[in-house]
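The values are calculated or read from the model by the stated rules, or taken from the named source; none is laboratory data. All of these numbers come straight from a predicted model, not from anything done at the bench. Heads up, the Cβs are rebuilt from the backbone with ideal geometry, glycines too, and the neighbour counts pull from every protein chain shown.
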Amino acid sequence: MADVKKELRIGMVGYKFMGKAHSHAFRDVSFYFDPKVEPVLQAICGRQEEDLKQAAEKMGWNSYETDWRKLIERDDIDLIDIVTPNNSHAEIAIAAAKAGKHVFCEKPLALTLEQSKEMLKAVQENGVIHMINHNYRFSPAIQMAKKLIDEGRLGKIYHVRALYLQDWIMDPQFPLVWRLNKDISGSGSHGDLAAHSIDLARFLVGEFEEVTGILETFIKERPIVESSSGLSGSASTDKFGKVEVDDASVFIARFENGAIGTFEATRFAGGNRNGNRIEINGEKGSIRWDMENMNNLEVYFHDDEPGLQGFRTINCTEELHPYAGAYWPAGHIIGYEHTFINLVTELLNGVAEGYNPLPNFEDGVRNAAVLEAVEQSSQTKQWVRIADLLE
Ligand code: SOE
């Protein structure tokens, strides 16, 4: 008889946009992969009981709790998955770690670098497995880019050019949803979008050495929100509140390996819905990737035959492309939700074998240090060294 696979019972706090993406990943992961533990959607947690019940039923959770502290106390939960707004990540993660639960947390890790460091300390001191959700590095095309860079196919890296362009808050009447409220989100496009570009750059190129940049808020006041969900909200038009987060973040960086980079994250790039893009140029070649066409990796090799040189497009759906072989025959593309499935496979295997998969809370802290360095630089107009913030 085949061995019965050990189960990993998940308790997820939050249930909206990211809750849906994570639930789907846990539900479907064993359909495509063979993780070393079997996830069980044990309990979901949120404050609005009626909505929560519906979400639990629709997404296939076995039970629900309206208080995250109760969820953490439950003996039948092994891992806490945090998909709440940013201001609650630290408190929940630290409590979960102290209760001996493994922790999976949405990005950015917390509101500040200081809080992120406390979270890392808590998971390390309590010996639990930890992971942060930077799903885009799990696109097969990004994994393929990493493979080419690690094999030296681009040679020494000179440039990183990262853009994360959205446009969903350009209307000045768009209300002050939680992502625009500093107390809840910590920052605007910076922590929400630039954090993803920082992760891709760290994954593909290496550690940041120093940065300088600016954060800008174009619309300084917005209608107070009445209700909001995901990326939408409705406003009461006569009351306005101050916008204290950035609408755009632009910075330049020097990397420890000598590469230099430019980064632009904005919610004011009209026409760009989710334009997460990166280009890397090395001495022997270049790669470029665009999330809105996520299965394709554009690759240029300098030693291609003269006359035939130029970017070629690799559709990363072949059996030999990282993660792609688990899905469909070549040419049958995958999407945004599959990046979460790929990541969750690593999380489950890490828990089963007792190691912290990448990216984990250490990556979350390094990411937060870059974010904070840019914020400091925006105020002081000086370059800020990342190592000084990590001490
Ligand atoms: C909203 O800007 C958002 O959903 C981010 O919060 C996600 O991290 C990003 O992947 C897509 O855009």
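Return yes when Ser232 is among the hydroxyl-bearing types (Ser, Thr, Tyr), in contact (Cβ under 8 Å) with a residue 12 or more places away in the chain and in contact with an Asp or Glu (Cβ under 9 Å, 6 or more places away or on another chain) and no when it is not. Walk me through it before giving the result.
Details: among the hydroxyl-bearing types (Ser, Thr, Tyr): yes; in contact (Cβ under 8 Å) with a residue 12 or more places away in the chain: yes; in contact with an Asp or Glu (Cβ under 9 Å, 6 or more places away or on another chain): no.
When the stated conditions are applied, Ser232 does not pass them.
Among residues belonging to the stretch 187-229 that are within 15 Å of the ligand (Cβ to nearest atom) and not in a helix (DSSP H, G or I), point out the one that is surrounded by the fewest Cβ atoms within 10 Å (Cβ to Cβ).
Ser229
Determine whether the stretch 157-179 contains at least one residue that is closer than 30 Å to Ile341 by Cβ, at pLDDT 95 or above and over 21 Å from the mean Cα position of the chain (by Cα).
Within the stretch 157-179, one or more residues are closer than 30 Å to Ile341 by Cβ, at pLDDT 95 or above and over 21 Å from the mean Cα position of the chain (by Cα).
What residue, of Leu79, Leu71, Leu109, is within 16 Å of the ligand (Cβ to nearest atom), among the aliphatic types (A, V, I, L, M) and buried (at least 24 other Cβ atoms within 10 Å of the Cβ)? Reasoning before the result, please.
On the way: Leu79 fails: within 16 Å of the ligand (Cβ to nearest atom); Leu71 fails: within 16 Å of the ligand (Cβ to nearest atom).
After ruling out the rest, the residue left standing is Leu109.
Any chance you could count how many residues in the stretch 1-22 are away from the ligand (no atom under 16 Å from the Cβ) and buried (at least 21 other Cβ atoms within 10 Å of the Cβ)?
If we filter the stretch 1-22 for residues that are away from the ligand (no atom under 16 Å from the Cβ), which is where we start, we get 1-13.
With buried (at least 21 other Cβ atoms within 10 Å of the Cβ) added as a condition, the list becomes 8, 10-13.
Qualifying residue count, the stretch 1-22: 5.
If a residue has to be more than 20 Å from Arg153 (Cβ to Cβ) and either surrounded by fewer than 18 Cβ atoms within 10 Å (Cβ to Cβ) or among the small types (Gly, Ala, Ser) (or both) to count, how many in the stretch 236-259 make the cut?
Start the filter on the stretch 236-259 by keeping residues that are more than 20 Å from Arg153 (Cβ to Cβ), which leaves 236-254, 256.
Checking which are either surrounded by fewer than 18 Cβ atoms within 10 Å (Cβ to Cβ) or among the small types (Gly, Ala, Ser) (or both) leaves us with 236-242, 244, 248-249, 252-254, 256.
Residues flagged as more than 20 Å from Arg153 (Cβ to Cβ) and either surrounded by fewer than 18 Cβ atoms within 10 Å (Cβ to Cβ) or among the small types (Gly, Ala, Ser) (or both) within the stretch 236-259 amount to 14.
Taking the condition touching a residue at least 12 places away in the same chain (Cβ under 8 Å) and either within 16 Å of the ligand (Cβ to nearest atom) or closer than 30 Å to Glu221 by Cβ (or both), does Asn135 pass?
Values: touching a residue at least 12 places away in the same chain (Cβ under 8 Å): yes; either within 16 Å of the ligand (Cβ to nearest atom) or closer than 30 Å to Glu221 by Cβ (or both): yes.
Yes; evaluated as a whole, the condition is true for this residue.
What are the residues in the stretch 303-323 that are part of a strand (DSSP E or B) and farther than 17 Å from Glu292 by Cβ, if any?
Kept after step one, since they are part of a strand (DSSP E or B), are these residues of the stretch 303-323: 312-315.
Selection gives Arg312 alone.
Test Cys45 against the stated conditions and say whether it is away from the ligand (no atom under 16 Å from the Cβ) and either crowded, with 18+ Cβ neighbours inside 10 Å or not polar (S, T, N, Q) (or both).
Working: away from the ligand (no atom under 16 Å from the Cβ): yes; either crowded, with 18+ Cβ neighbours inside 10 Å or not polar (S, T, N, Q) (or both): yes.
So Cys45 passes the test.
Would it be correct to say that Phe263 is part of a strand (DSSP E or B), modelled with pLDDT of 95 or more and in contact with a strand residue (DSSP E or B) (Cβ under 9 Å, 6 or more places away or on another chain)? Break it down into steps so the answer makes sense when it comes.
Values: part of a strand (DSSP E or B): yes; modelled with pLDDT of 95 or more: yes; in contact with a strand residue (DSSP E or B) (Cβ under 9 Å, 6 or more places away or on another chain): yes.
Answer is yes for this residue.
Please determine, by comparing only the residues of the stretch 251-283 that are among the β-branched types (Val, Ile, Thr) and touching a Leu at 6+ places or on another chain (Cβ under 8 Å), which one is nearest to Asp199 (Cα to Cα).
As a first pass, look at the stretch 251-283 and keep what is among the β-branched types (Val, Ile, Thr): 252, 260, 262, 266, 278, 280.
Right, trim to touching a Leu at 6+ places or on another chain (Cβ under 8 Å) and you get 266, 278, 280.
On the way: Thr266: 16, Ile278: 11, Ile280: 14 Å.
My answer is Ile278.
Looking only at the stretch 5-16, count every residue that is part of a loop (DSSP other than H, G, I, E, B) and either among the basic types (Lys, Arg) or on the phi > 0 side of the Ramachandran plot (or both) and tell me the total.
Pass one, the stretch 5-16, residues part of a loop (DSSP other than H, G, I, E, B): 5-6, 14-16.
Right, trim to either among the basic types (Lys, Arg) or on the phi > 0 side of the Ramachandran plot (or both) and you get 5-6, 14, 16.
The total comes to 4.
What single numbered condition from (1) closer than 18 Å to Leu347 by Cα; (2) assigned to a loop (DSSP other than H, G, I, E, B); (3) not β-branched (Val, Ile, Thr) fails to hold for Ala110?
Looking at each condition in turn, Ala110 falls short on (1).
Checking Ala96 against (1) surrounded by 24 or more Cβ atoms within 10 Å (Cβ to Cβ); (2) under 18 Å from Val299 (Cα atoms), which test does it fail?
Just one mismatch for Ala96, condition (2).
Count, please, the residues in the stretch 292-326 that happen to be within 17 Å of Ala25 (Cβ to Cβ), out of contact with any Ser or Thr (no Cβ under 7 Å at 6 or more places or on another chain) and surrounded by 19 or more Cβ atoms within 10 Å (Cβ to Cβ).
To start, the set of residues in the stretch 292-326 that are within 17 Å of Ala25 (Cβ to Cβ) comprises 294, 322-324, 326.
Applying the additional criterion that residues be out of contact with any Ser or Thr (no Cβ under 7 Å at 6 or more places or on another chain) yields 322-323, 326.
If we keep only those that are surrounded by 19 or more Cβ atoms within 10 Å (Cβ to Cβ) too, we end up with 323.
Residues in the stretch 292-326 being within 17 Å of Ala25 (Cβ to Cβ), out of contact with any Ser or Thr (no Cβ under 7 Å at 6 or more places or on another chain) and surrounded by 19 or more Cβ atoms within 10 Å (Cβ to Cβ): 1 in total.
Would you pick out the residues in the stretch 260-272 that are buried (at least 19 other Cβ atoms within 10 Å of the Cβ) and within 16 Å of the ligand (Cβ to nearest atom)? So that I can check it myself, show each step before the final result.
First, pick out the residues of the stretch 260-272 that are buried (at least 19 other Cβ atoms within 10 Å of the Cβ): 261, 263-267.
Result: Phe263, Glu264, Ala265, Thr266, Arg267.
Restricting the first residue to the stretch 198-222 and requiring it to be assigned by TED's automatic domain parsing to the domain that holds Lys156, which pairs with a second residue that is among the hydroxyl-bearing types (Ser, Thr, Tyr) and in a helix (DSSP H, G or I) meet a Cβ separation below 7 Å and a spacing of at least six or different chains?
Pairs that qualify, where the first residue is assigned by TED's automatic domain parsing to the domain that holds Lys156 and the partner is among the hydroxyl-bearing types (Ser, Thr, Tyr) and in a helix (DSSP H, G or I), are Leu200/Tyr136; Val211/Ser377; Thr212/Ser377; Gly213/Ser377; Gly213/Ser378; Ile214/Ser378; Leu215/Ser378.
Of the residues Ile157, Ile142, Ile184, which single one is in contact with a strand residue (DSSP E or B) (Cβ under 9 Å, 6 or more places away or on another chain) and either assigned by TED's automatic domain parsing to the domain that holds His89 or within 16 Å of the ligand (Cβ to nearest atom) (or both)?
Numbers: Ile157 fails: either assigned by TED's automatic domain parsing to the domain that holds His89 or within 16 Å of the ligand (Cβ to nearest atom) (or both); Ile184 fails: in contact with a strand residue (DSSP E or B) (Cβ under 9 Å, 6 or more places away or on another chain).
The match here is Ile142.
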